[in-house]
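Note sheet for the following structure.
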Amino acid sequence: MNLNSILIGSEDPKPLAEYYTKLFGDPGWDDGGYTGWQIGSGWMTVGPHDQVHGDNTEPGRVIWNIETPDVKAEFDRLVAAGATVVAEPYTAGDEEMEGTICTFADPDGNYFQLMSPMG
């Protein structure tokens, strides 16, 4: 198996599409209200969903991660582009699996993180 994409459903996906375009550039796909960006080998898509209403009240339930060897540089780049910071870069793990992580939120309150390769 291969996890190749994530869909973030929203009652109003337009602000999400605008937000993620500021962070990740022009989408690789935009059709029928769904907008997607290829990040590495996978896709992140935002779009309408009839079972989603308002902001995410439990943003820690599902957090998606983007791996990068330079969390601080990418953190600075995303902040300059308008990202909403939840947690600035910090060290997590132990001596065997230590890495750097930071957390952002989108306009619906969904969390995503940058993290260094661990292990």
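Relative to the longest principal axis of the chain, what angle (0 to 90°, nearest 10) does the C-alpha long axis of helix 71-81 take? Approximately 30 degrees, to the nearest 10.
For the chain, the relative contact order is 26 percent, taking Cα pairs closer than 8 Å that sit 6 or more residues apart in sequence and dividing their mean separation by the residue count.
Note on region 73-119: the alpha carbon radius of gyration divided by the globular reference 2.2 N^0.38 Å gives 1.22. Remark on Ser10: its backbone amide H falls under 5 Å from those of Gly47, His49, a criterion applied only to residues 5 or more positions apart or on other chains, H modelled at 1.01 Å from N.
Accessible surface calculations at 1.4 Å, restricted to protein heavy atoms, place the chain at 61 Å² per residue.
The HN-Hα couplings worked out from phi for region 82-93 by the Karplus form 6.51 cos²θ - 1.76 cosθ + 1.60 (θ = phi - 60°) are x, 5, 8, 7, 9, 9, 5, x, 9, 8, 10, x Hz, whole numbers, x standing for Gly and Pro. Angle between the Cα long axis of helix 13-24 and the longest principal axis of the chain, 0 to 90 degrees, nearest 10? Between the helix axis and the principal axis of the chain, the angle is about 40 degrees.
Assuming a viscosity of 1.002 mPa s and a temperature of 20 °C, what translational diffusion coefficient in µm² per second does Stokes-Einstein assign to the chain, Rh being the Kirkwood radius over Cα pairs? The calculation lands on 143 µm²/s. For region 1-45, the share of accessible area belonging to carbon and sulfur comes to 49 percent (1.4 Å probe, ligands and nucleic acids excluded).
Taking amide H as placed 1.01 Å from N in the peptide plane, the amide H of Gly28 sits under 5 Å from that of Gly36, Trp37, Gln38, each at least 5 places away or on another chain. Calculated [222 nm] ellipticity per residue, helices only, for the chain: -6000 deg cm²/dmol; basis is -39500 (n - 2.57) per DSSP H run with n ≥ 4, divided by all residues, nearest 500.
The values are calculated or read from the model by the stated rules, or taken from the named source; none is laboratory data. If you're wondering where the values come from, they're calculated on a predicted model, not measured in any experiment. Accessible surface areas use protein heavy atoms only, side chains included; no ligands, DNA or RNA. Shrake-Rupley method; radii C 1.70, N 1.55, O 1.52, S 1.80 Å.
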